Structure formats: C-alpha cells, structure tokens
Amino acid sequence: MTTVAFTPGTEARFAVARSVADAVLFEGYVLYPYRASAAKNRLRWQFGVLVPPSWSAAAEEHDFQLTECLMEPRTGAELAVEVRFLRAQRRTVEELREDGTFAPTGELRLADRVLVAWDEGVEERVTLVVPVAELRGDGAVLPFTRPAAEETEEVTDADGRVLGRLVRRREEISGTLRISAAELDGPYRVERLSVTVENTSDWTAEGDTDRHAALPYSLVATHTLLRIDGGSFLSMTDPPEWARGAVAACRNLHTWPVLAGEPGRDDLMLSSPIILEDHPAIAPESPGALYDATEIDEILALRTAALTDEEKREARGTDARAAAVIELADTMPPEVLERLHGAVRSLQSVTGPPKPAGDILAPETPWWDPGGDTGVDPGSDHVVVDGRAVRAGSRVLLRPRLRRTDAQDLFLDGRSALVEAVLHDVDGGVHIAVTVEDDPGADIRREQGRFLYFQPDEVEALEDA
C-alpha cells in the first residue's frame, strides 16, 4: 500500500479544512519576538511531537497518537486520510575563509539580516484512500519513510560576493499509519473508526542525549485529516443523545477529533493535538500567520512593528516565516490593523452575518440602544441575596469559590466590598460591580469605572454601613 493522490473532489474538501490545520501545524513554530536568540524560541515544538520509540521511553514523551471517532458510512463509502507533520531540518551556518574553505560560525551578518543556526520545519504528508468495507477486521496498514538528505545554499552580499553558506540536514524518519473500523451493536449503522500514527524511527538515544538530538527523528505537530465520501461523522463534542455512550467508549490518546469544514456539514474530521471546537475557523480579520498563539493578532502586530532594526534583522535571518511576519507587520495598512481590534461573534444572531473582509463599517441598525432601554438602571437596580436587597451602596462579602476563574480570586475570598452597581446583561444575567473596601486605589477605580464583577451566588449580603 502506498501514498496516493486525492481526487479533485477530495482535495477540494480537504482544502476547506487546511487553513485551520495549518494553524495547528505551525502553532508555536516561532514565537515573538521571532528571533532565534529569544529564550522562548530555544524550546520549540511543544504540540503533537511523536518522538522515536527509544526517546519516548527515556523522556516520557509519546511515540504515537490514537484517534477514535464514530462514522455512519453508506454502502460503497470511501475514507480519505491525510496525516500531516513537520520534520525538523537542522540548519547550520558556515563562513568562507581566506583559503576557500567553509567553516562553522555562530552568525553571518548581512545588510538586511543576521543568519544563525536554526531548526526549520519541512511539511510532510502521508495520504491514503481506502474503501470503508476494507477497514473492518485487521484494517489497513501503511508504513512510510522519509530519507535523509543534505542541501547547501550559498550566501552572497549585495554585490554577489560569496560570504558563506547554509547547510541543511534532514535525518531519515519512518512511521506507520494504521486504520481499522468496527461496526457497533444497536439499531443504528454506526462504526467506530480507529486511526493510529506511530513513529517507528530506529534512532537510538545514547548517553546523555537530550531532546534537541531526538527532534530531527521526530514527527512534529502531527495531526490527521479525515474525509468520508458516502457517509458522515458524528460530533465527538456534542453527539446525538443515542450515541453518547458509544462516544464515551472511544479512546483518544494525545489527540482529539472535531468536525471540520463549514458548519452544517459532517464529512470532514480534524484530529488535532490542540483541543478545538467543532468546525473551527480562522477569524476573517486575521491578516496572516503570526505563529504565536491565537486571538492576539493585534498586540503581536503592534509589538512586532515596534522591534528595533537590529532585532528585525535577526528575525529575518532566523527563518523565512519569521521574515514574512516582520514584512507583514511593517506593511500592514491602518484599516487592517483597526480590524484586529476585536469582533463579538455571539451577536451575529442579532446583527446578521459578518461583513466581508475589508468592510469594517458598523451595521446600520445597532443591535441594542442602551439609551433607549428604560427598563434597567445600574444605579438603582437591585438583586436579592440572602433575603436582602443588594444595590449600589450595599456591603457584601466576596465568596468567589463557586465560580473561580483566575488566581486573583483566591486573594479576594472573604474580603468585604462596596456595591457600585447592579448590572443586567442582554441574556438575562445579573452582575454585581464592586470595589474592595480596604483597597487604597478604590477612589481611582471608581472614578475610572474599573470595577470587579461577581454574580449573586458569589457574594454574601452584609449589614449596610
């Protein structure tokens, strides 16, 4: 059994899910400030790393992923599988000496960048198409190997004079893809699909070998895309009631499957080492990959644009993708940066579908006009707590332990506070705005309207002063 090319239809369906899959593939690839010398770029490849079996035993990292999910195949259904991962390509820098030979060097300084040693990520794919009927029993097994290779690239200055070279080395890696299906008992024609991706590289850790030495033999950011042609997948996050027991019996180790592609369709599944929700999508406001977590594009763009020229030179020399981030931040139009300031998706049921990319105008009709709603008044509204009416001016004891959301709440438990307002949100929730009584900055917070917020079951009513 060998790796195959997909049909145009399958390729088109996978393309729908690859934008999110790419974010998984390159999550944490290079972190702000995008320089190899930055401390947080010295320990990379945190997600979905399948290490060689010898290193897995020594370092307690994993050498396999197991995905189990439920599908409802029709007669003649086919399953397409795409396993994607990065391969760590070790890049070293050499300078040209006077005798015409090349020697390793810590850095090579050019006018526009500073080249240093770095591990580049090379994308790899393993693909398979198989009839679902052939997956029952022993299923399908696909071994794969990527051979070792070495490449050199000359480095020249603006006048074309050779200054040195980059040497890129890839080590041989091997793995196995195992797929099987088993029909479940019951009135519904449901099958449990099992997909295992293993690293079978025979590299052996010796002596005080560390993770850095094992990475070139690892499958990095490993994840799996599945497409069923002639059937559907069931949501593992929100399954129908009749399937909850079967979903709970599925085993997912070091990965988690979610429905992918457009909401309302169920022929795609993405099994990712990063936990996602069903039908994940890249925000339309995002101008490009920044590789450093999600939903912080605005601050990353601003901080990147503020790097010094020397820091940008090092970032450009660190990696081609880091150089693209610097270029993106330096050339981002103001209207694109403004679009990154935020969007509230939960209001779309009221405001309608999102505006097309580039259109940042507000809707013609506001979804809610606070000035026109006379049914609420934060200054005089109240809520009953412990049989007492709590309103602005009341004293309460803070008890956030029922719904603690951050470590700061630990320091507020048992503190007394003054109620500044009782607020009602559009979903019917009630929030009590308070200032802590012995907070020396309470007057400043009150003047700026910067309060702490608790729900009624997180406070106890005290006697008013």
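Can you tell me the relative contact order of the chain? Whole percent, Cα pairs under 8 Å, sequence separation 6 or more.
Computed value for the chain: 17 percent relative contact order.
Leaving ligands and nucleic acids out of the surface, order THR308, THR318, THR196 by accessible area at 1.4 Å, largest first.
THR308, THR196, THR318
Can you work out the accessible area per residue across the chain, with the rest of the protein chains kept in place, probe 1.4 Å, in square angstrom?
That works out to 52 Å² for each residue.
Stick to Cα atoms and the Kirkwood definition of Rh, then tell me Rg/Rh for the range 74-156.
Ratio of gyration radius to Kirkwood radius for the range 74-156: 1.28.
Short version: what are the Cα gyration tensor semi-axes of the chain, square root of 5 times each eigenvalue, largest first, in whole Å?
Here the semi-axes work out to 47, 35, 23 Å.
Have a look at LEU86, LEU50, LEU70 and report the one farthest towards the positive end of the charge dipole of the range 47-92, computed about the Cα centre with Cβ charges (Lys/Arg +1, Asp/Glu -1).
The one lying farthest along the dipole's positive direction is LEU86.
Grab every C-alpha pair in the range 1-132, bin the distances at 5 angstrom width from 0 up to the longest one, and report whole percents.
Percent of Cα pairs in each bin: 2, 7, 11, 15, 16, 13, 11, 9, 7, 4, 2, 1, 1, 0, 0.
Per residue, what volume in Å³ does the Cα convex hull of the range 188-238 take up?
Roughly 144 Å³ of hull volume per residue.
Counting other Cβ atoms within 10 Å of each Cβ, which trypsin sites (Lys or Arg not before Pro) in the range 405-465 have at most 11 and sit in a DSSP loop?
ARG450
Using only Cα atoms, tell me the angle between helix 309-318 and the longest principal axis of the chain; keep it within 0 to 90° and round to the nearest 10.
50
Spelling out what I want: for every residue of the range 414-428, take phi, set θ = phi - 60°, compute 6.51 cos²θ - 1.76 cosθ + 1.60 (Karplus), and round to whole Hz; glycine and proline get x.
So the Karplus estimates, Gly and Pro as x, are x, 7, 8, 8, 9, 6, 9, 6, 10, 10, 10, 8, 6, 9, x Hz.
For the range 295-343, what does the alpha-carbon gyration tensor say about shape, rounded, prolate or oblate, given a ≥ b ≥ c as the root eigenvalues, a/c under 1.5 as rounded, and a/b over b/c as prolate?
The shape class here is prolate.
Got a sec? What order do GLU98, GLU171, GLU107 fall in by accessible area at 1.4 Å, biggest, i.e. largest, first?
The residues order as GLU98, GLU107, GLU171, largest area first.
Compute the long axis of helix 8-26 from its Cα atoms, compare it with the longest principal axis of the Cα atoms of the chain, and write down the angle in degrees, 0 to 90, nearest 10.
Here the helix axis deviates by roughly 70 degrees.
DSSP loop (so not H, G, I, E, B), at most 10 other Cβ within 10 Å: list which trypsin sites (Lys or Arg not before Pro) in the range 156-255 pass both filters.
Hits after loop and neighbour filter: ARG161, ARG251.
Evaluate 2.2 N^0.38 Å with N set to the residue count of the range 93-139, then give the Cα radius of gyration divided by it.
Taking N as the residue count of the range 93-139, the ratio is 2.47.
Just to make sure I understand: if all protein chains stay in place, what is the order of ASP63, ASP112 by accessible area at 1.4 Å, largest first?
Putting ASP63, ASP112 in descending order of accessible area: ASP112, ASP63.
Over the alpha carbons of the range 69-225, what is the largest minus smallest coordinate on each principal axis, giving the biggest first in Å?
Result for the range 69-225: principal-axis Cα extents of 78, 40, 20 Å.
Given the whole protein assembly as supplied and a 1.4 Å probe, what does the accessible area of VAL4 come to in Å², nearest 10?
50
Could you derive backbone 3J(HN,Hα) for the range 219-229 from the dihedral phi with the Karplus parameters 6.51, -1.76 and 1.60 (θ = phi - 60°), listing whole Hz in sequence and x where the residue is Gly or Pro?
Values per residue, Gly and Pro as x: 9, 9, 6, 5, 8, 10, 9, 10, 9, 9, 9 Hz.
Averaged over every viewing direction, what's the projected area of the C-alpha convex hull for the range 133-247? Give it in nm², one decimal, please.
Approximately 13.6 nm², given one-decimal rounding.
The values are calculated or read from the model by the stated rules, or taken from the named source; none is laboratory data. Bear in mind that the values here come from a model prediction, so they are computed numbers and not experimental data. Every residue, glycine among them, receives a Cβ derived from its backbone with ideal geometry; neighbour counts consider all protein chains shown. Just the protein is used for accessible areas: all its heavy atoms, side chains included, with ligands, DNA and RNA removed. Shrake-Rupley method; radii C 1.70, N 1.55, O 1.52, S 1.80 Å.
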